[in-house]
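Step one of this worksheet: look at the structure below.
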Amino acid sequence: MFKPIDTYLYAENLKKYGPDDSRTILEPAGLAEARRETAIDLLKEYHQIVDLGCGPGVFASRLFERSPHLQYYHGIDGVLEFVESAKARHMGNKAASFSHQEIEFVVLNKKIECVAALGVMSDLDPNKLDDFADLLTSLASRAIVFSFHDNSIYKGKLAAAFEISEVLQAFARHGWPNVSCYRAAPEDSLVICSVRR
């Protein structure tokens with residue numbers, strides 16, 4: 001479902017820049033904070049969140065600071081060094097846990113209130129959009145918050161990009177038609193969506 005990610009690049013960026021620098025997760029410095037805040041505004045009402053592609057734990061820290069209702073957070077990432085960083089950062093936080101796992105193989109014992117998948121569609125095979133929507137809708141009971149690059153704006157070569165309409169249709173086909181989309185800034189190619197049951 002996903003193109004192979006360069007775990008070595010992410011691990012090296014973590015060593016070089018540290019977990020708090022947006023370059024570690026290949027985010028543009030000027031937009032990284034605005035993107036995080038937009039996503040947190042969409043997630044802060046939920047009590048239980050599974051975060052696919054959690055990174056080194058920086059986003060989880062901000063989410064706990066701004067989410068008074070958050071009782072359970074589980075971050076999953078395919079980069080082992082990110083998971084180790086996140087575990088160290090959240091040591092002592094009984095509401096937070098992290099695991100090293102390939103996102104496309106995630107299975108939960110029960111549906112979780114909200115699933116976050118921020119940044120992971122950059123590595124998605126464009127032909128697997130329906131499979132990705134199926135994965136997210138199979139894991140979430142109430143809401144999904146995810147991001148993707150809008151191909152009408154994004155002109156880069158590193159990340160996959162999608163038409164907004166095709167993303168909305170994929171989730172509608174899976175019984176989740178209520179999608180709201182946001183941008184952290186008008187010129188930002190990244191679209192952050194909230195899907196509610």
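The values are calculated or read from the model by the stated rules, or taken from the named source; none is laboratory data. No experiment lies behind these values; they were computed from the predicted model shown. Don't worry about glycine lacking a Cβ; one is built from the backbone with ideal geometry, like all the others, and counts go over all protein chains shown.
When each of Ala140, Ala161, Ala184 is tested for being among the aliphatic types (A, V, I, L, M) and touching a His at 6+ places or on another chain (Cβ under 6 Å), the lone residue that passes is Ala161. Per the conditions (1) in contact with a helix residue (DSSP H, G or I) (Cβ under 8 Å, 6 or more places away or on another chain); (2) closer than 13 Å to Gly53 by Cβ; (3) small (Gly, Ala, Ser), the sole criterion not satisfied by Ala170 is (2).
Among the residues of the stretch 139-153, those that are in contact with a Leu (Cβ under 8 Å, 6 or more places away or on another chain) and more than 22 Å from Lys111 (Cβ to Cβ) comprise Phe148, His149, Asp150. Starting from residues that are farther than 18 Å from Arg197 by Cα and loosely packed, with under 14 Cβ neighbours inside 10 Å, keep the ones in the stretch 100-117 and report whichever is farthest from the chain's Cα centre (by Cα). Looking at the filtered set, the residue picked out is Asn109. Counting only helices (runs of 4 or more DSSP H) that sit completely within the stretch 1-118, those holding 1 or more residues that are modelled with pLDDT of 90 or more correspond to 29-43, 58-66, 80-89. Looking at the stretch 60-69, is at least one residue farther than 23 Å from Arg196 by Cα, of a type outside the set (A, V, I, L, M) and touching a Lys or Arg at 6+ places or on another chain (Cβ under 7 Å)? Yes, because at least one residue in the stretch 60-69 is farther than 23 Å from Arg196 by Cα, of a type outside the set (A, V, I, L, M) and touching a Lys or Arg at 6+ places or on another chain (Cβ under 7 Å).
For the stretch 82-99, the candidate set comprises residues that are surrounded by fewer than 20 Cβ atoms within 10 Å (Cβ to Cβ) and under 17 Å from the mean Cα position of the chain (by Cα); within that set, the residue that is farthest from Leu14 (Cα to Cα) is Ser97.
Rundown of residues vs (1) outside any loop (DSSP other than H, G, I, E, B); (2) in contact (Cβ under 8 Å) with a residue 12 or more places away in the chain; (3) under 16 Å from the mean Cα position of the chain (by Cα), yes/no style:
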residue	(1), (2), (3)
Asp134	yes, yes, yes
Ala143	yes, yes, yes
Lys157	no, no, no
Ser165	yes, no, no
Trp176	no, yes, no
Cys193	yes, yes, yes
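Within the stretch 52-69, the set of residues being in contact (Cβ under 8 Å) with a residue 12 or more places away in the chain, closer than 20 Å to Glu33 by Cβ and surrounded by fewer than 22 Cβ atoms within 10 Å (Cβ to Cβ) comprises Ser61, Arg62, Phe64, Arg66, Ser67.
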